[in-house]
Every structure is written in C-alpha cells, then in structure tokens.
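Colleague: Before I ask anything, here is the structure I am working with.
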Amino acid sequence: MSQNSPIPAPISSIEIIRPDDWHLHVRDDDALKAVVPFTARQCGRAVIMPNLSPPITTTAQAHQYQKRILKATEPYNYFQPLMTLYLTDTTPVEEIQSALQSGIICALKLYPAGATTNSAAGVTDIKKTYPTLEKMQQLGIPLLVHGEVTHHDVDIFDREKQFIEQRLLSITKDFPELKIVFEHITTREAVDFVTQSSPYIAATITAHHLLMNRNDMLVGGIKPHHYCLPVLKRKTHQDALIKAAISGNKKFFMGTDSAPHSQQNKETACGCAGMFSAFAAIEFYAEAFDKAGALDKLEQFSSLNGPLFYGLATNSDKITLKRESWIIPESYQFGSDRVIPLRAGKTIQWKVISK
Ligand code: NCD
Ligand code: ZN
C-alpha cells in the first residue's frame, strides 16, 4: 500500500440470512430452560444432539424432548429444533422408518462407545449397525458422526485422523450414497477427507476450533473450560479449519457443538468435555471470519450450506451483526448451577442487534 492510500475503515455491521446451528447440546429440564433460548434468539433451527442420560434412542422419546424444547423457546416462535436419534448397536431398522414418518427426526448420531460425554451406550462395532445404515441410505436420512476412535492405545490428538483411516473410509465405501456429516472436525486430515470425498459427505466446524488451538488450553496453566472433544489441536490444524470455513466450499457449515456443563463438573480433578458458546454463537464465528478477512463468506457458512446439504429451505429472515465490543459475563445460570461461558469476563467484538 502506498503511503498516501487511506486505510479502509473496518466494516461496522453486516446483515446475513438467519443462521442455523447444525450441532447443539441443550441438555434437559432446568438446564435446558437456561441455555436453549440463547440459540433460539439467533438461529432459525438447531440440530439437537441426543446424548442425554439416558440417550434419546426412539422417535417417541425425541418427540417428548422436542416438546420440552419448544416450550422453553416459546417467545421465539420461528425456532425449529431438528431432532436426532442416538444410534446404538441395537437400533431396530423399523425405528428408521418411524423416524422418517414422524417428520421431526433429521438424522441419527453415531457416537463410538466411550468417545465423549454420555456415550457409554454408543456403538461398539459399526458392523452391528449396517442394516440400520442400509435403511438410512435408502431413505436419505443422514448419519452424523462423532469421528474419534476410542482405543486406549491411540493418542488423543490422533483419534480423529485414525477414525478416518479405520472407520470412515470403510463406511463411505460400503454406503456410497449415505449422507454423512463428519461433526466438529478438528484436523487438516478431516478437512482433506471431506474436500476429496463425494457430495454425500459434509462437515461441521465449531467456532472454538476456529478461534483456538491447544496452546489456549495448556499454556500458562491448564484451562478446564477450554477442554472439549475432539480436543483442540495444534495451530496448523486450526489454520486448515479456518481455510475450509472461509473457502466457500458448500461441504462446510456451522455447528457450534455448544456443550454446557456445570462449573463444578468442569473445575474438578476429572473435568468433563465441552464448551458453552451458544450465548454468542454467531458473534464468535463473525470474529473468526473477520480475523481471516472473510466476513463476506460468513453467510454462506452459517446460513446457506447447512440447509443445502440437509435439503431444507434457507431461513426467510435476516439478522444484523454490529461491530461492538461487549464483555462476556463471568457465568450464566444453569438450572440450579452456574455455567462458565467461553471467554468468560473477556471482550468479544461483535453483537447481534435485535430488530
Ligand atoms: C459434548 C457434550 O458435553 O455433550 N462434549 C464435547 O466436548 N463436545 C459431547 C460431544 O459432542 O462430543
Ligand atoms: Zn457435540
């Protein structure tokens, strides 16, 4: 830039089609009431993860859970919770037919047993689910995948990469027309796999994996609130995720994986995995895209690519994001407990303006 060229003023606000969150944990009961309105305020839809305890494994359970979510989001009458079922070794093939007929189930979620929070009932051997996957392929119901192997000998930072090699390649080969969302991807290898695979394969990317790497969890003292699964990786992977998110490639879309836990359950000798980001989901993404000089690519990632993959219409209204710094509260109410939000007590640069 020559000495005389004026420095362009930073963009002060953007308007985008209302986003959707394609991967969200909202818990249940009073915790649900505390967290789900944050998402409903800014998103048109959210894919609700089924890892309650016990998990949501039947359409009937999902129906009841959806009712509780709708009750908790009444003021936001446009908000649609898209329900999922938790795939187990024994999910009956007939359940897939009822899931489709119900019109409320958008996908099934595969948790390898023991991979993450409330995954004890997860799949122990993918082959056991093959008849169910066959039916899902036939009916066009997507499989959402927590892509990490769980074997004790596999290093936690390599679990996603190993999952691609040991599981995903064979699933995609055996079910070439099964729609699969590789959820919350965290590695360059996952970006490459999704980019190179068929149009049936897509991926969600969280805001926290775009904004942070493992140094943010481990340097200067261990930060339990930055511990999630899949765990934050090194910066080269963070850079690959940013590149994918801003690329304009239709296979990548927003999924916060906002996963609130009580302060006590995070700040303990064996803290559980998950970050709470839903209270400022689109603002965190806006910050990541802004940093990458790609605010113009945010709408495609947050509001267009997801519905396209799921075969749904895009939301019909818009939201406005303003460049305005505000301080994130130190904690939020979470049922009878408190939850520490992502970046508690620090500033964030963007704000959704209510109309
Ligand atoms: C999630 C949770 O707490 O339910 N935790 C997380 O770290 N992301 C489970 C999950 O999505 O893996
Ligand atoms: Zn999740």
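The values are calculated or read from the model by the stated rules, or taken from the named source; none is laboratory data. Everything quoted here is computed from the prediction, not taken from an experiment. Neighbour counts run over all protein chains shown; Cβ positions are idealised from the backbone, glycine included.
Colleague: More than 12 Å from THR204 (Cα to Cα), hydrophobic (A, V, I, L, M, F, W, C) and in contact with a Pro (Cβ under 6 Å, 6 or more places away or on another chain) - does that describe any residue in the stretch 258-280?
Modeller: Yes, the stretch 258-280 has at least one match.
Colleague: OK, next. Here are the criteria: (1) among the hydrophobic types (A, V, I, L, M, F, W, C); (2) touching a residue at least 24 places away in the same chain (Cβ under 8 Å); (3) surrounded by 15 or more Cβ atoms within 10 Å (Cβ to Cβ); (4) within 30 Å of GLN263 (Cβ to Cβ). Tell me which single one MET217 does not satisfy.
Modeller: Here MET217 meets the rest and fails (2).
Colleague: Look at LEU168 and say whether it is away from ligand 2 (no atom under 16 Å from the Cβ) and free of Cβ contacts under 8 Å to residues at least 12 places away in the same chain.
Modeller: no
Colleague: Here is a further query. For the stretch 103-112, indicate whether the set of residues that are within 20 Å of the chain's Cα centre (by Cα), at pLDDT below 95 and more than 22 Å from TYR310 (Cα to Cα) is non-empty.
Modeller: yes
Colleague: Determine whether GLY271 is closer than 16 Å to VAL26 by Cβ and either at pLDDT 95 or above or surrounded by fewer than 20 Cβ atoms within 10 Å (Cβ to Cβ) (or both).
Modeller: No; evaluated as a whole, the condition is false for this residue.
Colleague: Of (1) polar (S, T, N, Q); (2) farther than 23 Å from ARG188 by Cα; (3) out of contact with any Ser or Thr (no Cβ under 8 Å at 6 or more places or on another chain), GLN238 satisfies all except one. Which?
Modeller: (2)
Colleague: Name the single residue, out of those in the stretch 39-62 being within 16 Å of ligand 1 (Cβ to nearest atom) and touching a helix residue (DSSP H, G or I) at 6+ places or on another chain (Cβ under 6 Å), that is nearest to GLN333 (Cα to Cα).
Modeller: Filtering first and then ranking leaves THR39.
Colleague: Quick test for you: out of PHE309, PHE284, pick the one residue that is in contact (Cβ under 8 Å) with a residue 40 or more places away in the chain and crowded, with 23+ Cβ neighbours inside 10 Å.
Modeller: None of the other options fit; the residue is PHE284.
Colleague: Any residue in the stretch 133-147 that is of a type in the set (Lys, Arg) sitting within a Cβ distance under 7 Å of a residue that is crowded, with 22+ Cβ neighbours inside 10 Å and not in a loop (DSSP other than H, G, I, E, B)? List the pairs, counting only those 6 or more apart or interchain.
Modeller: Qualifying pairs under 7 Å: LYS135/ILE96.
Colleague: Something else about it: Given LYS297, LYS250, which one is more than 16 Å from ligand 2 (Cβ to nearest atom), without any contact (Cβ under 8 Å) to a residue 60 or more places away in the chain and in contact with a Ser or Thr (Cβ under 8 Å, 6 or more places away or on another chain)?
Modeller: On inspection, the qualifying residue turns out to be LYS297.
Colleague: What residue, among those in the stretch 237-259 that are under 26 Å from ALA344 (Cα atoms) and more than 17 Å from the chain's Cα centre (by Cα), is surrounded by the most Cβ atoms within 10 Å (Cβ to Cβ)?
Modeller: HIS237
Colleague: Does TYR65 satisfy being within 14 Å of ligand 1 (Cβ to nearest atom), of a type outside the set (D, E, K, R) and over 20 Å from GLY306 (Cα atoms)?
Modeller: When the stated conditions are applied, TYR65 does not pass them.
Colleague: Now a separate question. Answer with yes or no whether THR124 is over 20 Å from the mean Cα position of the chain (by Cα), modelled with pLDDT under 95 and within 30 Å of GLY103 (Cα to Cα).
Modeller: When the stated conditions are applied, THR124 passes them.
Colleague: A follow-up question, please. Only one residue in PHE276, PHE289 is at pLDDT 95 or above, surrounded by 19 or more Cβ atoms within 10 Å (Cβ to Cβ), away from ligand 2 (no atom under 16 Å from the Cβ) and not small (Gly, Ala, Ser), so which one is that?
Modeller: Result: PHE289 is the single residue among PHE276, PHE289 that is at pLDDT 95 or above, surrounded by 19 or more Cβ atoms within 10 Å (Cβ to Cβ), away from ligand 2 (no atom under 16 Å from the Cβ) and not small (Gly, Ala, Ser).
Colleague: Let me ask you something else. Taking the criterion of being within 16 Å of ligand 1 (Cβ to nearest atom) and within 22 Å of the chain's Cα centre (by Cα), would at least one residue in the stretch 283-297 satisfy it?
Modeller: Yes - at least one qualifying residue is present in the stretch 283-297.
Colleague: Also: Confirm whether ILE205 is within 13 Å of ligand 2 (Cβ to nearest atom) and either modelled with pLDDT under 95 or surrounded by 15 or more Cβ atoms within 10 Å (Cβ to Cβ) (or both).
Modeller: Criteria met by ILE205.
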